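The structure appears below as structure tokens.
Derivation of every value follows stated rules applied to the coordinates shown; laboratory data play no part. Because the structure is a prediction, the values reported are computed rather than measured. With ideal geometry, Cβ positions are generated from the backbone for all residues, glycine too; neighbour counts draw on all protein chains shown.
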Amino acid sequence: MNLDQQTIKNLVHYIDTQKDQKAFLIICHSDEFDNIAKQIWRIENSRLICLKK
């Protein structure tokens, strides 16, 4: 299921306001959540690679 841009914006805002009290695991193929992420990991060639920590 794809989300429209307004829903993504609302979700990013919600996660950004709650991320210090809750844990979120977001699996996606886009970069909308990169700015608010504390860590970013990529699976590449069957390896887990840390992009941001």
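Note the angle between two axes, namely the Cα long axis of helix 5-18 and the longest principal axis of the Cα atoms of the chain, as a number of degrees from 0 to 90, rounded to the nearest 10. Helix 5-18 and the main axis of the chain meet at about 80 degrees.
Report note on the peptides 22-29, 7-14: ranked by the mean count of other C-beta atoms within 10 Å, highest first, their order is 7-14, 22-29. Look at the Cα gyration tensor of the chain: its axes a ≥ b ≥ c give a/c of at least 1.5 with a/b at or below b/c, and that counts as oblate.
Going by how many other beta carbons lie within 10 Å of each one, how would you line up ASP16, ASP31, fewest first? It would help to have the intermediate numbers written out before the result.
On the way: ASP16 14, ASP31 9.
Least to most surrounded, the residues fall as ASP31, ASP16.
Under the simplified labelling scheme, the PHE33-LEU51 pair shows an inter-label distance of 1.2 nm, with each label point 7 Å from Cα along Cα→Cβ.
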